[in-house]
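Structure record follows, encoded as structure tokens.
Just so you know, all these numbers are worked out from the coordinates, no wet-lab data involved. Quick caveat: nothing in here was measured; it's all calculated off a predicted structure. Cβ placement follows ideal geometry from the backbone for every residue including glycine, while neighbour counts extend to all protein chains displayed.
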């Protein structure tokens, strides 16, 4: 894929990953058209992007508005926009369906009608469900997601694959580990920091001790991996896992947060969780991806899971909401 000197549409450009990706693409000399309805994203995340003459921001609802005018003249669409709240799927299934599956269908239809051939899609490790092979490679199957969020992302992957083969497109799909870093607005780190600011003597933790075991990657490494994967993609559909080579328990994350906030004597209050100690319905207990395929193209995360969490906590504490 040509990801330098191109006109690229980034949906969800004002979100956590989308804003970082937009900044990186502009630094590479691309013209970026950023699209966001600002329901989850923040215009303030685009302050750096808006200093570039080659950046155009369009506030638009991908579920309702005509996308052909927005996408016209683009060579590539990086479709980051989605409902990012994994936990909400157990109570609000419709928003996941609409914001993930229906919006992706509308994006692909607009691309097809305009002859845009290249699409990049950030998916998620949750498409694998509870795996029996860890680290989990891209070839693992069958894929049996246990959350509505994971199911909708898997459906989006299937739609994108079918459009690539049916309409002569090229697609690159990334299955992320848990991404952390500046401009994130909700995850376990935000939850812990907020609770400890309210009461630095104790910390409520969802689930059963020591909690789930998962891999984490910093957003800077994530964006760099996306660019490398897209540049080197050769097949009609390429899928890449993207994550660190290690993982952490929730208890280890709590320890890091408390240490970073320079607190002492904090008492952990475990809720016991649901469905055998999970933090919430659909919470995968163990997740570690094999990212050897992306590493073979020269990508390597600069931070492991623990280092990524440490840096992300410092970023959250330094810029309180």
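Mean projected area of the convex hull spanned by the Cα atoms of segment 1-136, taken over all viewing directions: 9.2 nm². Counting only DSSP beta bridges with both residues in segment 156-248, the antiparallel share comes to about 10 percent.
Sorted on the mean count of surrounding Cβ atoms within 10 Å across their residues, most packed first, peptides 271-277, 24-30, 174-180 read 174-180, 24-30, 271-277. Per the Debye formula on identical point scatterers at the alpha carbon atoms of segment 240-321, with no solvent, log10 I(q)/I(0) at q = 0.12 Å⁻¹ is -0.50. So if the hydrodynamic radius of segment 91-155 is defined as the Kirkwood radius over C-alpha pairs, what does Stokes-Einstein give as its diffusion coefficient at 4 °C and 1.567 mPa s, in µm² per second? Rounded, D is 97 µm²/s. Here the residues 149, 268, ranked from fewest to most Cβ neighbours within 10 Å of their Cβ, fall in the order 268, 149.
Of all DSSP beta bridges confined to the chain, the antiparallel ones make up roughly 5%.
Among 47, 238, 102, a tally of other beta-carbon atoms within 10 Å of each Cβ gives an order, fewest to most, of 47, 102, 238. The computed Kirkwood radius over Cα pairs in Å for the structure shown corresponds, within (1) 21.6; (2) 20.0; (3) 23.8, to (2). Most tightly packed first, judged by the mean number of other beta-carbon atoms within 10 Å of their residues, the peptides 59-71, 130-142 read 59-71, 130-142.
Calculated mean residue ellipticity, 222 nm, the chain: -10000 deg cm²/dmol, from DSSP H runs (n ≥ 4) at -39500 (n - 2.57) each, averaged per residue and rounded to 500.
Taking other Cβ atoms within 10 Å as a rough exposure proxy, 20, 165 sort from fewest to most as 165, 20.
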